[in-house]
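Notes follow the structure.
The values are calculated or read from the model by the stated rules, or taken from the named source; none is laboratory data. What you are looking at is a predicted structure, and each value in this text was computed from that prediction instead of being measured. Reconstructed Cβ throughout: ideal geometry from the backbone, glycine too, with neighbour counts over all protein chains shown. Areas reflect the complete protein model, heavy atoms only, side chains present, ligands, DNA and RNA absent. Shrake-Rupley method; radii C 1.70, N 1.55, O 1.52, S 1.80 Å.
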Amino acid sequence: MKVLVAVKSVIDHNTKVEINNDCSKINLENSKLSINPFDEVALEEAINLKEKGFVNEIVALSCGNINSKDVLKTALAMGADRGILIESEFNLQPLSVAKAIKHIVDKELPKIVILGKLAIDDDSCQTGQILSSLLSWPQVNFVSNIKICVDDLIARRELDNGTDVISVKLPAVVIADLNLNKPRYITLQNLLKSKSKRIETINLKDICTDYLPRIELLKIEESKHERKKIFEKDVLALSEIIRSEIGVLEK
């Protein structure tokens, strides 16, 4: 069984984000880029399935500029067998990314496509759902556990009020949540092995003509965190302020 995993290059979550002077975009010049945490979980799950004997090949796919090749190198070092870079000079939106992934799915014919729930840079949470619709495949969202049973995929999903367990027929699109697993550290041995693995580069214009953005970003603003300091000697008085002004505590 072949698994395709989509990974995205994003600003590292430990890096402070800087907005340019006209508030039109994020300044990437001095920012550290890394694999999107949700996509890292998706890749780790594909590796786990391979170690259990359900999968024989993992293909990592990324859409973006040439910097996305570094993310694919990380994916190969983690355990992916080969990588595909769909190179684009444009800032792609979910629909364009889903169409590009569909082209690779039609070519590679994987049984499972695993994506992260969302990217931490735009929080769109749309690509997996759009891809499922384009492929006419079943999808499983916010997955926290996966089991393969012949031609069925059984998954546990995270809900606001608990979890549920569903079964879908393969092929399927799986959208991973952070609770699915804990990604492994890259070992020196795997890092050296990854240098011999192949990364294929495809130009977006050669596979997709409809890639222009449909949504215009007008402005980016940094969120303001205002903290209110309250000093009270009496605990009961403080609890009354918290209850009346913030509405956290009840009598």
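Looking at Arg214, Arg184, can you tell me which residue is part of a loop (DSSP other than H, G, I, E, B) and within 19 Å of Ala119 (Cβ to Cβ)?
Numbers: Arg184 fails: within 19 Å of Ala119 (Cβ to Cβ).
When all the criteria are applied, what remains is Arg214.
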On the basis of being under 20 Å from Ala60 (Cα atoms) and touching a residue at least 12 places away in the same chain (Cβ under 8 Å), does Ala98 make the cut? yes
Identity of the residue in the range 73-119, within 19 Å of Ser194 (Cβ to Cβ), over 14 Å from the mean Cα position of the chain (by Cα) and hydrophobic (A, V, I, L, M, F, W, C), that ends up surrounded by the fewest Cβ atoms within 10 Å (Cβ to Cβ): Ala77
Could you grab me the full set of residues in the range 26-44 that are β-branched (Val, Ile, Thr) and part of a strand (DSSP E or B)? Ile26, Ile35
Residue check for Ile202: more than 16 Å from the chain's Cα centre (by Cα), part of a loop (DSSP other than H, G, I, E, B) and either loosely packed, with under 13 Cβ neighbours inside 10 Å or at pLDDT below 95 (or both): no
Give the residues of the range 1-25 that are open to solvent by 50 Å² or more (accessible area, probe 1.4 Å) and either of a type outside the set (S, T, N, Q) or part of a strand (DSSP E or B) (or both), sorted by residue number. Met1, Lys8, His13, Lys16, Val17, Glu18, Ile19, Asp22, Lys25
Determine which member of the set Leu212, Leu217, Leu191, Leu236 is within 23 Å of Glu40 (Cα to Cα) and either modelled with pLDDT of 80 or more or open to solvent by 70 Å² or more (accessible area, probe 1.4 Å) (or both). Leu191
Output the number of the condition that Lys197 fails; it satisfies all remaining conditions of (1) surrounded by fewer than 16 Cβ atoms within 10 Å (Cβ to Cβ); (2) over 22 Å from the mean Cα position of the chain (by Cα); (3) part of a loop (DSSP other than H, G, I, E, B). (1)
Options Ser136, Ser132, Ser88: the member that is small (Gly, Ala, Ser) and modelled with pLDDT under 90: Ser88
Identify all residues within the range 120-140 that are open to solvent by less than 60 Å² (accessible area, probe 1.4 Å), not aliphatic (A, V, I, L, M) and not in a helix (DSSP H, G or I); write none if there are none. Ser124, Cys125, Trp137, Pro138
Answer residue from the range 149-163, given it is of a type in the set (A, V, I, L, M) and free of Cβ contacts under 8 Å to residues at least 24 places away in the same chain and is most open to solvent (accessible area, probe 1.4 Å) among those: Val150
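Identify all residues within the range 55-72 that are under 22 Å from Ala98 (Cα atoms) and open to solvent by 60 Å² or more (accessible area, probe 1.4 Å); write none if there are none. Before you say what the answer is, go through the steps one by one.
Pass one, the range 55-72, residues under 22 Å from Ala98 (Cα atoms): 57-72.
Asn65, Ile66, Asn67, Asp70 - these are the residues of the range 55-72 that are under 22 Å from Ala98 (Cα atoms) and open to solvent by 60 Å² or more (accessible area, probe 1.4 Å).
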Output the residues belonging to the range 169-180 that are within 20 Å of Val41 (Cα to Cα) and open to solvent by 70 Å² or more (accessible area, probe 1.4 Å). Leu178, Asn179
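Only one of these is open to solvent by 20 Å² or more (accessible area, probe 1.4 Å) and over 16 Å from the mean Cα position of the chain (by Cα): Ile166, Ile146. Name it.
Details: Ile146 fails: open to solvent by 20 Å² or more (accessible area, probe 1.4 Å).
Only one candidate passes the filter, namely Ile166.
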